[in-house]
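First comes the structure, then the notes that go with it.
The values are calculated or read from the model by the stated rules, or taken from the named source; none is laboratory data. Given the structure is predicted, the values throughout are model-derived calculations rather than measurements. Counting neighbours? That spans all protein chains shown, and the Cβs are built from the backbone with ideal geometry, glycine included.
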């Protein structure tokens with residue numbers, strides 16, 4: 001995980017310039033810095049790994065779905081042949 005750099009003084013100064021009271025600007029800057037440093041942030045590599053895992057699962061499920069379609073088709077053909085045999 002990479003660290004996020006955050007300039008709390010610059011952020012507080014911008015808030016003050018926008019009309020936020022100084023104490024509130026400093027508190028907001030500290031709270032935001034705390035959140036950014038304590039929470040885990042996904043990196044591009046994390047997203048790439050998840051995408052590759054999802055693609056593997058998708059291909060696996062696609063193969064299983066194709067097998068199920070064939071099995072259902074054979075089952076329906078068998079049932080149809082039994083019905084036809086019973087009446088003809």
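With respect to residue 55, is the statement that it is in a helix (DSSP H, G or I) and free of Cβ contacts under 8 Å to residues at least 40 places away in the same chain true?
Details: in a helix (DSSP H, G or I): yes; free of Cβ contacts under 8 Å to residues at least 40 places away in the same chain: yes.
Taking the combined requirement at face value, the residue satisfies it.
Cβ contacts < 6 Å: first residue over 30 Å from residue 46 (Cβ atoms), restricted to segment 1-17; second residue modelled with pLDDT of 90 or more and surrounded by 13 or more Cβ atoms within 10 Å (Cβ to Cβ), any location; separation 6+ or different chain. Result?
12/25; 12/26; 12/29; 15/25; 16/25
From the list 31, 27, 42, which residue is free of Cβ contacts under 8 Å to residues at least 40 places away in the same chain and not in a helix (DSSP H, G or I)? Outline the logic, then answer.
Details: 31 fails: not in a helix (DSSP H, G or I); 27 fails: not in a helix (DSSP H, G or I).
Being free of Cβ contacts under 8 Å to residues at least 40 places away in the same chain and not in a helix (DSSP H, G or I) holds for just one of 31, 27, 42, which is 42.
For segment 6-14, indicate whether the set of residues that are part of a helix (DSSP H, G or I), under 14 Å from the mean Cα position of the chain (by Cα) and at pLDDT below 95 is non-empty. Break it down into steps so the answer makes sense when it comes.
Here is the first cut: in segment 6-14, the ones part of a helix (DSSP H, G or I) are 8-14.
Filter once more, so that each one left must be under 14 Å from the mean Cα position of the chain (by Cα): none.
Scanning segment 6-14, I find no residue that is part of a helix (DSSP H, G or I), under 14 Å from the mean Cα position of the chain (by Cα) and at pLDDT below 95, so the answer is no.
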